[in-house]
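Heads up: the structure comes next, in structure tokens.
The values are calculated or read from the model by the stated rules, or taken from the named source; none is laboratory data. Computed from a prediction, not measured in an experiment: that's the story for all the values here. Ideal geometry is used to build each Cβ from the backbone, glycine not excepted, and the neighbour counts take in all protein chains shown.
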Amino acid sequence: MMIVKKINNNVAIGVDGNGHEVVLFGKGIGFGELPYSINDMSKIERSFYDIDYRYYNLLSEIPENMFLFTSRIVDAIESKIDGNLNPNLVFILADHINFAVTRYRKGMQISLPYSYEIEFEYPHLTKLAKWIVKNINAKYQVCLDKGEVTSITMHLLNALEGKTNQDDQQHQSQITRIIKNVTKIIEDYFGIVLDKNDFNYFRFKIHLKYYVLRKENNEEFMDGNIDELYDNMKNTYPDIYNCVYNIDQYLYKEFKKSCTSNELLYLMIHVTRLCTREDCNRKGITSA
């Protein structure tokens, strides 16, 4: 195994004997002058093949123990699922769990909607998602909202290769159009071109996709406990709020209903991430 890129002391990118790139976790694996060869494979704690390079940024954003915890979670459920899971699931789920735990510890307890429709249609995946949330709560000493079960169920559903949600197929054209139009609103407002290959943009697209699916199920973010956080975000980042207001006006035309404060807050968080990546600091915007 040849190490070709260091992420940190314990995470690196390697190339195996067949020329396949692999993400490696192991104590001290990042030490050494690049490139160098690892002959003692016992130093490698975990390896991840076929990871989209756009997810590599998460390796420096998310704690190593979060990745290892998530990989054990995925290992545990993989044998209980009928179908192959996308190899990127560990990275996507680690990102989701890390954000949920961080949000909880900062007091940003935004109630996510729990979907009984999703539970009815996918009872087995929902059961696994409940088990995952239970383990997250125990591991990180948090008490995540019940709506996290639905969010994780959707991640599992999307990760099932060869399986497609019929409702997704029916509304894919609408979802694609909404993502395109919302992207244009952001780009026009800030005078930028978003990097469509950036992982933050992938996060944003997933959020909009779930937004459309929630609208189809008549589900909403409803929590009056986020008013202070929402007002603080609104006052701290006025440009972000004004842009999201424009998005809300567009989405109202699509669904004949305005976004809740919870949804607006989430949109502000996502747009801030996108704009920070696109050097919107010139407008006085900083990372959320």
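Scan the range 176-225 residue by residue and report those that are hydroxyl-bearing (Ser, Thr, Tyr) and either touching a strand residue (DSSP E or B) at 6+ places or on another chain (Cβ under 7 Å) or at pLDDT 85 or above (or both). The answer is THR176, THR183, TYR189, TYR201.
Just the residues that are in a helix (DSSP H, G or I), surrounded by 16 or more Cβ atoms within 10 Å (Cβ to Cβ) and free of Cβ contacts under 8 Å to residues at least 60 places away in the same chain, please, taken from the range 86-99. Answer for the range 86-99, where residues must be in a helix (DSSP H, G or I), surrounded by 16 or more Cβ atoms within 10 Å (Cβ to Cβ) and free of Cβ contacts under 8 Å to residues at least 60 places away in the same chain: VAL90, PHE91, ALA94, HIS96, ILE97, ASN98. So, in the range 126-145, of the ones that are modelled with pLDDT of 90 or more and farther than 21 Å from PHE67 by Cα, which residue ends up nearest to the chain's Cα centre (by Cα)? Applying the filter and picking the extreme gives THR126.
Here's the yes/no breakdown for (1) more than 22 Å from ILE7 (Cα to Cα); (2) among the basic types (Lys, Arg); (3) in contact with a Gly (Cβ under 6 Å, 6 or more places away or on another chain):
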{"residue": "GLY28", "(1), (2), (3)": "no, no, no"}
{"residue": "ARG46", "(1), (2), (3)": "no, yes, no"}
{"residue": "ALA76", "(1), (2), (3)": "yes, no, no"}
{"residue": "LEU93", "(1), (2), (3)": "no, no, no"}
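Looking at the structure I just gave you, is LEU157 at pLDDT 85 or above, outside the structural domain of HIS270 (by TED's automatic domain parsing) and under 26 Å from ASP50 (Cα atoms)? Answer is yes for this residue. Taking the range 20-67 as the search range and keeping residues that are over 21 Å from the mean Cα position of the chain (by Cα) and basic (Lys, Arg), which one is nearest to ASN197 (Cα to Cα)? Restricting to residues being over 21 Å from the mean Cα position of the chain (by Cα) and basic (Lys, Arg), the top hit is ARG46. Residues in the range 52-75 that are among the hydrophobic types (A, V, I, L, M, F, W, C) and either touching a residue at least 40 places away in the same chain (Cβ under 8 Å) or in contact with a strand residue (DSSP E or B) (Cβ under 6 Å, 6 or more places away or on another chain) (or both): LEU58, LEU59, PHE67, LEU68, PHE69, ILE73. Picking from residues in the range 1-11 that are in contact with a helix residue (DSSP H, G or I) (Cβ under 9 Å, 6 or more places away or on another chain) and not in a loop (DSSP other than H, G, I, E, B), the one that is surrounded by the most Cβ atoms within 10 Å (Cβ to Cβ) is VAL11.
The residues of the range 62-85 that are surrounded by fewer than 17 Cβ atoms within 10 Å (Cβ to Cβ) and assigned to a loop (DSSP other than H, G, I, E, B), listed by number, are PRO63, SER79, LYS80, ILE81, ASP82, GLY83. Just to verify a result, which residue in the range 21-61, among those that are among the small types (Gly, Ala, Ser) and surrounded by 13 or more Cβ atoms within 10 Å (Cβ to Cβ), is nearest to VAL90 (Cα to Cα)? Among those that are among the small types (Gly, Ala, Ser) and surrounded by 13 or more Cβ atoms within 10 Å (Cβ to Cβ), it is SER47. Selection of first residues in the range 213-239 that are surrounded by fewer than 17 Cβ atoms within 10 Å (Cβ to Cβ) and of second residues that are of a type in the set (Phe, Trp, Tyr) and modelled with pLDDT of 75 or more, restricted to Cβ pairs under 6 Å at least 6 apart or on distinct chains, gives an empty result.
When the test is whether a residue is out of contact with any Phe, Trp or Tyr (no Cβ under 9 Å at 6 or more places or on another chain) and in the same structural domain as ASN135 (by TED's automatic domain parsing), VAL74 passes it.
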